[in-house]
Structure formats: C-alpha cells, structure tokens
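I have placed the structure first, in the form of structure tokens, so that the comments after it can refer back to it.
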Amino acid sequence: MKERNTTLDLAKGILIILVVLGHAIQYSGNGNWEDSQLFFDDIVFRAIYSFHMPLFMMISGYLFYSSNKKDFKPLMISKLRAIGIPLLVFTLLMNVVWYIPLLINGKVLEIFRQYLDTLVFKMNMWFLLSLLLNMVAVAVITRVFKRIRAQYIGMCILFMISFFIPDGLILAVHKFMFPFFCIGYVLNQNQIPLFTYSQRTICLVILTVLSLGAIWWFDKETSIYTTGFCILKDFKGQLQIDFKRMIIALIVSYTFMQYVSRLSRYNTFIAHQTIRLGGMTLFIYGMNMVFNLYTRFLVDRLSLHYEPSYLRAIFVTILFLFVCHYLYQILNQNRIARAALLGKFY
C-alpha cells in the first residue's frame, strides 16, 4: 500500500474513533441531551467537534478525484450503491422500532412519510447525505466547465451562493461541508498532498499552539449545529461565524494530519488496527448513529442520569469499535448484508 493511502486510512481510522468518542461523551453518560453548553464546556468534546467532520469531508473530496474520471452515469450509480443504499438502510434501522406499531395498524403511508422526514429533514445520517450531495455538485461542475480554472470559479460561485440560501432541510451542514470537499478535490487534482510533512519540530510546535488556540476559540456559537450558515438575517455577524469555524477547522485539521503523518511511520499493531478501522468508516458511522439513537431512547425510558465520565465514554468507545470490527467481518461474508450495510457489490 502506498504511504499516502496508508496515512489517509490511518487518519480516517483515528477520525472515526473520535466520532464515536464524541458521541459517547454526549450520549452514553448524561441524560441532559438538550444542554449543548454542557458539552461545549468539555475541552475534549470541543477539540473533536472543531475539525473532525470537515477533515473527513476533505479526505472524501481528495479521494473522489480519482472516481470522478469515470463517465457521469456509472459514477453516480457506483456512488449511490456505495453510499446511498447504506444511507437508506441505516436510516430504516434507526426508526424500525417506531415503524412496527404503524405497520401493525396498516399505516404504510405514515411510515413512508416519517421515513422521508428522517432522511431529508433530520440530522440522523446527515454526513452520508452531504457526501452524496457534494459528489453530485462537484461532478456536475467539472462536466459543465471543461477548463480547470472555470471549474474552480464554478465551485467558488456555488459556495458564495450558498451563503444566501436559507438553512432549511438541514442545508446548513451541507453548505458548510461543501468548501472542504472542494479543497480536498482540488488538492488531488493538482497533485498536492492533503498533508505536507514537516521535519522541523518548531513547525509542529507552532501548529500545535495555533490549534490549541483555535480549539479554545471554538464555542457553542461557532458550531454549525447551533448557529446555522445563511447570512440573510445577520450578514456581518453570521459571515464572521461562518469563516471563523472554517479557519478553525483548517488549522486543527492541518495540525492533526501532521501528527498522523508521523504516526504512520510506526509499524505497530495499534496502527494496523486503526488503519483497518479507516476502511470501515461508513459502516462504523452508520452503526454508531443507530446505537446512539437507541441508547438515548433507553436512557430516557429508564430515567437514567449519569454524571459525565471520560472513563465511561472511553469504555463505550472501545467496546463499540471492538463489536463493529467483528460484526464487519461477519457481514462482509454475506452478499446481501455486504451490499446493504457496507456498500460493497463485488
């Protein structure tokens, strides 16, 4: 395997661990789900949420460049298979308990309505949907405009237009992800590595200090989940927030990749296992969203309220990843499960 691909897989593996850990901090130890400020007071939570999904999207855009060389129709079919089908299946799994009573009562149309509502209007599986939307947008732009410079102008124009599009239909997160996807795509198109390894320790120290400052700067108002993206209601204030969160994500992402590039040079058991997790990110993400929803449901039904605990969050994260790792191996042996949950059709 090429070093670049190994590094990206390692980065994806660490990022998916951070995704699960971030959710574990939020969902596995405290029933006060609506008090978002509680989580933004947690430095680990803030560090994770300051960059992890934007970097995931940059890596996705970087890898999409090679796929985009296909003709449009087979490209879209392959992406709808690999991402769209798991998106539909995981969304169904997240709501199947609530659909059973409706099915028993013969309310099939209500099931369909609620399913579409969850898929399009709610945040349950938003990243996979955002990934598909960004792939379609970039694929269309790069085919409408043949010249590379025109493609970049097209991306920039769409990005600027997005500031004025209302944030309904959870569009805020999709619009926020678009520039990061484009950055990754453009870097690969110009044969520029997603990360630039620096041998100078002073560079890493400076980047680390900048990242710590960026994480400290990141707060509840900066989060895309709480403040939106559209600038129509508050042009100056919202525009500042939008660019603030982008700057933070870029600084922390670049620093993170510096550390990952160093870790990729160590041939250890943990590194190998993390790289393997990097190849399972779609499945782990989907299963984690399902797990979080039902965990929240049980905690609410049982009226359980725990004090926040890093030890509990870490334990849940390790156990969950361990189960997903072996469940992935089992599902990969079944053709239907492999297609439905892993997005693989070979």
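Which FRET efficiency value, to the nearest 0.05, is calculated for R312 and W98 with the Förster distance at 30 angstrom and r the Cβ-Cβ distance? Walk me through the intermediate numbers first.
Working: r = 27 Å, r/R0 = 0.91.
Computed FRET efficiency for R312 and W98 comes out at 0.65.
Over the chain, calculate the relative contact order: mean separation of alpha carbon pairs under 8 Å at least 6 apart, over the residue count, as a percent.
Numbers: 374 pairs, mean separation 131.3, N = 346.
With pairs under 8 Å counted, the relative contact order is 38 percent.
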Scattering from the C-alpha atoms of the range 151-241 alone, worked out with Debye: what is log10 I(q)/I(0) at q = 0.13, 0.16, 0.20, 0.24 1/Å? -0.63, -0.88, -1.08, -1.16
Expressed per residue, the solvent accessible area of the chain in Å² (1.4 Å probe) is about 52 Å²
Tell me the volume per residue, in Å³, of the convex hull enclosing the alpha carbons of the chain. 165 Å³
In terms of the Cα gyration tensor, with a ≥ b ≥ c the square roots of its eigenvalues, is the range 195-346 rounded because a/c is under 1.5, prolate because a/b exceeds b/c, or oblate? oblate
Contour excess over end-to-end distance, with Cα ends at S78 and L63 and 0.36 nm allotted per residue: 4.0 nm
Quick one: pull the percent of accessible area on the range 27-155 belonging to carbon and sulfur, 1.4 Å probe, ligands and nucleic acids left out. 67 percent
DSSP H helices in the chain with Cα extent of 20 Å or more along the helix axis and mean Kyte-Doolittle hydropathy at least 1.0? 85-104, 126-144, 148-162, 171-189, 201-217, 310-331
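Ignoring ligands, DNA and RNA, what percent of the 1.4 Å accessible area of the range 274-346 is carbon and sulfur? Walk me through the numbers before you get to the answer.
Numbers: 2980 of 4360 Å².
The value for the range 274-346 is 68 percent carbon and sulfur by accessible area.
For each pair in K79/K175; K79/K146; K79/K344; K220/K244; K122/K175; K70/K146, compute the distance between the two Cα atoms and list the pairs where it is over 18 Å. Numbers along the way, then the final one.
Working: K79/K175 20 Å; K79/K146 22 Å; K79/K344 10 Å; K220/K244 12 Å; K122/K175 15 Å; K70/K146 15 Å.
Cα-Cα > 18 Å for K79/K175; K79/K146; rest within.
Given the DSSP H assignment, sum -39500 (n - 2.57) over each helix run of at least 4 residues in the chain and divide by its residue total; what's the result at 222 nm in deg cm²/dmol, nearest 500? Present the calculation step by step, with values, prior to reporting the outcome.
On the way: 17 runs with 259 residues, N = 346.
-24500 deg cm²/dmol, from helical runs alone.
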With a 10 Å cut-off between alpha carbons and a GNM built on the chain, which of W98, W126, W216 moves the most? W98
For the range 113-164, just the Cα set please: Rg and Dmax, both in angstrom. 14.2, 43
The Rg/Rh figure for the range 59-186, Cα atoms and Kirkwood Rh, to two decimals is 1.06
What is the distance in Å between the Cα centres of the range 179-244 and the range 293-309? 33 Å
In whole angstrom, the spacing between the Cα centers of the range 262-286 and the range 114-142 equals 26 Å
The range 156-270 - percent of accessible surface contributed by carbon and sulfur, probe 1.4 Å: 72 percent
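The values are calculated or read from the model by the stated rules, or taken from the named source; none is laboratory data. Please read these numbers as outputs of a predicted model, since none were measured by experiment. All Cβ positions, glycine included, derive from the backbone under ideal geometry; neighbour counts span all protein chains shown. Accessible surface areas use protein heavy atoms only, side chains included; no ligands, DNA or RNA. Shrake-Rupley method; radii C 1.70, N 1.55, O 1.52, S 1.80 Å.
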